[in-house]
Amino acid sequence: MQIAQTFSADSLVGFWWVLIPILLIVFFKPILRLVLGMVIVPEDRIGLVTKKFVLVGGNRSLPDGRILATRGEAGIQARALAPGLYWMMWPWQYAVVMQPFTVVPPGKVGLVLANDGYELPTGNILARKVECDNFQDATMFLERGGQKGRQTHVLTSGTYRINTLAFSITQTDITIIKENMVGIVTALDGVPIRQGQIAGELVEGHNNFQDVDTFLAKGGNRGLQPQVILAGSYFINNWAIQIEETPMTDVPIGYVGVVISYIGEDGKDVTGELFKHGNIVDKGFRGVWMEPLGPGKYPINKYTMKVELVPTTNLVLNWANARSEAHNLDKNLSTITVRSKDGFPFNLDVSQIIHVPAIEAPKVIARFGSMVNLVSQVLEPTIGNYFRNSAQDSDVISFLSTRKERQASAKEHIREVLDEYNVNAVDTLIGDITPPEALMKTLTDRKIAQEEEKTYETQRMAQERRQGMEKETAIADMQREIVKAQQSVEIAQRTADATVKKAEGDAASLKLQVNAESEATKMRANADAEATKAKGGAQVEYTKLNAVAEAERIAKTGLAEAEKIMAIGKSTAEAYELQVKAMGGDNFTRFKITEEIAKGKIKVIPDLVISGGDATEGSLSGLMGMQMLQMIQAKATAPTVPPAEPPPAEVKPA
């Protein structure tokens, strides 16, 4: 135990000198701060100094109304300590607080509020800019007349050594105007707007209101501004300028934009003395501009100007409950109800096509204010009253039947009326007409009856034409049979002639045959006579005479038969020829047809006779002719049995 204590005491005595540097290191800075007033400001900080008191002489207190000391007065010092080493800043006299730098990041803007300075002039709400190195030198700010309160100047993106006891920094987003949008500007400070105007005067050179001091220095007015801001990013002081983002004015194809300006000086009317319905002025003056805007997009301030779209293409307006166009100008129009002369109310739809020339569009707007007013104040009463008056002059039936004429009359009347309002009437069309239901049923029944009557008449005429066609067909078919009969007669005549010739030939042939046979008989008789001559003269003579007699009988018989055949053929041919000469060729043909029908026992007259023509046409018309034709054809096509030829005459030997 004694050994341990001895060692500990000896150790402390031997190493006391080591504690001296440690203590110096630990207490060196406070000692220097206390003895020499040393202050070290880091490189990323600034020192905010507050002086507690003044020792001897100098300004002991701040002037009235001031909170920052610029001349060594006791209190918050305007001058801040930049990064570095400072002496004679004894802690018992000065309080130094380390403050980080003020950083304004990208996309932000710094709005500055001065805690000290001169009072703002009466009427001003923003302190004007003074050169003070972006508020990093508060002493310069105060010495150059900086005013307390909200400042016009803003801090853009960056890092600043700002005394936050002198200035308060508020960060806000930069102002961004998107594509196809426009920024409408309202200034919160400036000269009051001139009496009689709703917006300030046009001021140039303020870089889209980013330089508020230039705007104010050039006499910018507080309130609504005639200028607008287009798409982009801007460092706008929201305490000085307010921006309202709104879409650009779009004038579609097929339209013109008539500009109505609410600002500017009163211009001279350029329409002349004949137009008494409002002032139309040149561009830049207050009133309706003479030159309309063509199709496109325009950065129009909707609070200082109004653009009325006027269609320059043909515009269709419908007086119909169930139909409306895309432009919606006819959304309040409905089917017109009229009353006829005979007291029947009925509805009709009307369509009106109009056209407003581009050069006449400003006059239309100056007269009516908008296209909606043109429709409600002119077109609706004009067209409605015209058709009501027109319907009272006729009954419903006449109105329906003269629709085309009334439509043409309405077109002409409405064209003359609209010409007075600088509008072209292209066409007037009457659409659906809805008569009373009871009257419509009567008309429908009458029309159905008329159509049925026409249908029956058409069917009757069709039947008559069909009967006539069948009659002509039957006659044509019969004519074919008649021609065949005529050919048959000619064939029969030729057959008869051939028969006569054949009979004559047969007669001659038979005659020769008989003569030959007779000669042969004679020769045989002579031979036999010679042979039997010895038998007796009487017998021979008898035989001879008998043979001669038999030969003469045969010869006469053959000659008689031949002459008979030839006589029959000649008589038949002569009879045919005489009949043809006496009756005529056609009559003889009909006679032969009738004779053939009689021989064939064909029923000519049917049991049921149907006649489709005139009663005087006889029973051979119509279907009877067809039936007779069919019977004749059947008879003609029936197989015939040729007559049996007579057997040849037997020639007995003598």
(message) Name the single residue that is nearest to Ile263 (Cα to Cα) among those in segment 324-344 being charged (D, E, K, R) and surrounded by fewer than 15 Cβ atoms within 10 Å (Cβ to Cβ).
(response) Lys331
(request) Only strands (runs of 3 or more DSSP E) wholly contained in segment 219-269 count here; list those with 3 or more residues that are in contact (Cβ under 8 Å) with a residue 12 or more places away in the chain and over 17 Å from Glu308 (Cα atoms). (result) 223-229, 232-234, 241-247
(message) Every residue in segment 405-431 that is among the polar types (S, T, N, Q) and within 28 Å of the chain's Cα centre (by Cα), please.
(response) Gln407, Asn424, Thr428
(request) Among the residues of segment 196-211, count how many are under 23 Å from Gly287 (Cα atoms) and either touching an Asp or Glu at 6+ places or on another chain (Cβ under 9 Å) or surrounded by 18 or more Cβ atoms within 10 Å (Cβ to Cβ) (or both). (result) 4
(message) I'd like to know if segment 86-103 contains one or more residues that are touching a Phe, Trp or Tyr at 6+ places or on another chain (Cβ under 9 Å), within 22 Å of Gly220 (Cβ to Cβ) and either surrounded by fewer than 19 Cβ atoms within 10 Å (Cβ to Cβ) or modelled with pLDDT of 95 or more (or both).
(response) no
(message) When you check Ile176 against the structure, is it in contact with a Ser or Thr (Cβ under 8 Å, 6 or more places away or on another chain) and either over 22 Å from Pro121 (Cβ atoms) or at pLDDT 95 or above (or both), yes or no?
(response) yes
(message) Within segment 73-137, considering only strands (runs of 3 or more DSSP E) that don't extend past its boundaries, which have at least 1 residues that are touching a His at 6+ places or on another chain (Cβ under 9 Å) and within 30 Å of Val191 (Cα to Cα)?
(response) 108-114
(request) For Ala366, state whether it is in contact with a Pro (Cβ under 6 Å, 6 or more places away or on another chain), buried (at least 16 other Cβ atoms within 10 Å of the Cβ) and among the aliphatic types (A, V, I, L, M). (result) no
(request) Return yes when Ile193 is in a loop (DSSP other than H, G, I, E, B), touching a residue at least 60 places away in the same chain (Cβ under 8 Å) and surrounded by fewer than 21 Cβ atoms within 10 Å (Cβ to Cβ) and no when it is not. (result) no
(request) Please determine, by comparing only the residues of segment 300-350 that are free of Cβ contacts under 8 Å to residues at least 12 places away in the same chain and among the aliphatic types (A, V, I, L, M), which one is nearest to Pro247 (Cα to Cα). (result) Ala326
(message) Checking Tyr262 against (1) at pLDDT below 95; (2) closer than 20 Å to Val182 by Cβ; (3) within 36 Å of the chain's Cα centre (by Cα): exactly one of these is not met. Which one?
(response) (3)
(message) For segment 355-370: of the residues being of a type in the set (A, V, I, L, M, F, W, C), in contact with a strand residue (DSSP E or B) (Cβ under 6 Å, 6 or more places away or on another chain) and assigned to a helix (DSSP H, G or I), which is farthest from Asn318 (Cα to Cα)?
(response) Ala366
(message) Conditions first: (1) loosely packed, with under 15 Cβ neighbours inside 10 Å; (2) within 30 Å of Gln210 (Cβ to Cβ); (3) over 32 Å from the mean Cα position of the chain (by Cα). Gly296 passes all but one, so which condition is the exception?
(response) (3)
(message) What's the total number of residues in segment 108-160 that are small (Gly, Ala, Ser) and closer than 23 Å to Asp64 by Cβ?
(response) 7
(request) Select from segment 156-210 the residues that are of a type in the set (A, V, I, L, M, F, W, C) and within 18 Å of Leu113 (Cβ to Cβ) and list them in ascending order. (result) Ile162, Leu165, Ala166, Phe167, Ile169, Leu188
(request) Only residues that are in contact (Cβ under 8 Å) with a residue 12 or more places away in the chain, assigned to a loop (DSSP other than H, G, I, E, B) and either within 14 Å of Asp349 (Cβ to Cβ) or of a type in the set (D, E, K, R) (or both): list them for segment 390-441, please. (result) Asp393, Asp395, Pro435
(message) Let me confirm something: among Pro247, Pro226, which residue is surrounded by 15 or more Cβ atoms within 10 Å (Cβ to Cβ) and closer than 24 Å to Gly296 by Cα?
(response) Pro226
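The values are calculated or read from the model by the stated rules, or taken from the named source; none is laboratory data. What you see is a predicted model; the values in this text were computed from it and never measured. FYI the Cβ positions are ideal-geometry reconstructions off the backbone, even for glycines, and counts take in every protein chain you see.
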